[in-house]
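Colleague: Quick one: structure below, then a few questions.
The values are calculated or read from the model by the stated rules, or taken from the named source; none is laboratory data. Owing to the predicted nature of the structure, the values given are computational and were not obtained by experimental measurement. All Cβ positions, glycine included, derive from the backbone under ideal geometry; neighbour counts span all protein chains shown. Heads up: the accessible areas ignore ligands, DNA and RNA and are worked out on the full protein's heavy atoms, side chains in. Shrake-Rupley method; radii C 1.70, N 1.55, O 1.52, S 1.80 Å.
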Amino acid sequence: MKPFSIFAIIVFAAGIAHADKKDEGRFAPGPASSYPTKQTNDGMTVAAVAYDSEELAHTAFGKLNPNQYGVLPILVIIQNDTDQALNLSRLEAEYETATDKRLEATAASDVRYLHEGPREPNASGPTNPLPKLIKHKNPLDAWEIEGRGFSQKVLPAHEAANGFFYFQVKHQPGARFYLTGARVASTGKEVLYFEIPLQTHQ
């Protein structure tokens, strides 16, 4: 075999190894139908999983565990099994505790500005306290937070999308996840809301 051919094989093998190493850090959730905490309405299936344990958090956020800083990530997978595209630009997500207190999701782009430490539900209503700016490096300022936030605006027919919604709360047994605002793109008709019981993993 010629030296050049040997060199080419070495380069090719190195490229495969590099690709495999990158793939190790990929986050690839399963289909919505594969999760026990899911609901189907009008041909749209939504699964919701609370990433409340260190083990789960590391699969999506590397060394970061947002729960240590008072932020609960909830993975949401949406499967569109209809023949029409869905408009997801007006989605609203809420976390409801076992005592019926509701919290709105914090925008993924705002999580990096949150003050460290746990946040409890606001007893006066569903709106979270405003984020507090911090001066030092915030562990929550990691690309995975916003990069893996749910951002799909339109979901074509027979396709799926996934991403995280973030809540300033310590996950509690008996909590539920609510998702509203999905609409049929061509007509504007709203899909029935989703109410999904959440499991705990600690």
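Colleague: Please work out if GLU54 is at pLDDT 95 or above, under 21 Å from GLN202 (Cβ atoms) and open to solvent by 80 Å² or more (accessible area, probe 1.4 Å). Break it down into steps so the answer makes sense when it comes.
Modeller: Numbers: at pLDDT 95 or above: yes; under 21 Å from GLN202 (Cβ atoms): yes; open to solvent by 80 Å² or more (accessible area, probe 1.4 Å): yes.
Yes; evaluated as a whole, the condition is true for this residue.
Colleague: Now, a different point. Considering region 94-128 alone, what residues qualify as being open to solvent by less than 60 Å² (accessible area, probe 1.4 Å), more than 15 Å from ALA50 (Cβ to Cβ), in a loop (DSSP other than H, G, I, E, B) and modelled with pLDDT of 50 or more?
Modeller: Residues satisfying the conditions are ALA107, LEU114, ASN128.
Colleague: Sticking with this one: In region 25-43, which residue that is open to solvent by 80 Å² or more (accessible area, probe 1.4 Å) and not in a helix (DSSP H, G or I) is nearest to GLN79 (Cα to Cα)? Explain how you work it out, then say what you get.
Modeller: Of all residues in region 25-43, those open to solvent by 80 Å² or more (accessible area, probe 1.4 Å) come to 26, 28, 33, 36, 38, 40, 42.
Filter again for not in a helix (DSSP H, G or I), leaving 26, 28, 36, 38, 40, 42.
Working: ARG26: 20, ALA28: 14, PRO36: 14, LYS38: 11, THR40: 9, ASP42: 11 Å.
Taking the candidates together, the pick is THR40.
Colleague: Here's a follow-up. Report yes if some residue within region 1-20 is at pLDDT below 95, open to solvent by less than 50 Å² (accessible area, probe 1.4 Å) and polar (S, T, N, Q); otherwise report no. Show your work before the answer.
Modeller: Keep residues of region 1-20 that are at pLDDT below 95, which gives 1-20.
Remaining after also requiring open to solvent by less than 50 Å² (accessible area, probe 1.4 Å): 5, 8, 15, 19.
If we keep only those that are polar (S, T, N, Q) too, we end up with 5.
Checked against the condition, which is being at pLDDT below 95, open to solvent by less than 50 Å² (accessible area, probe 1.4 Å) and polar (S, T, N, Q), region 1-20 yields at least one hit.
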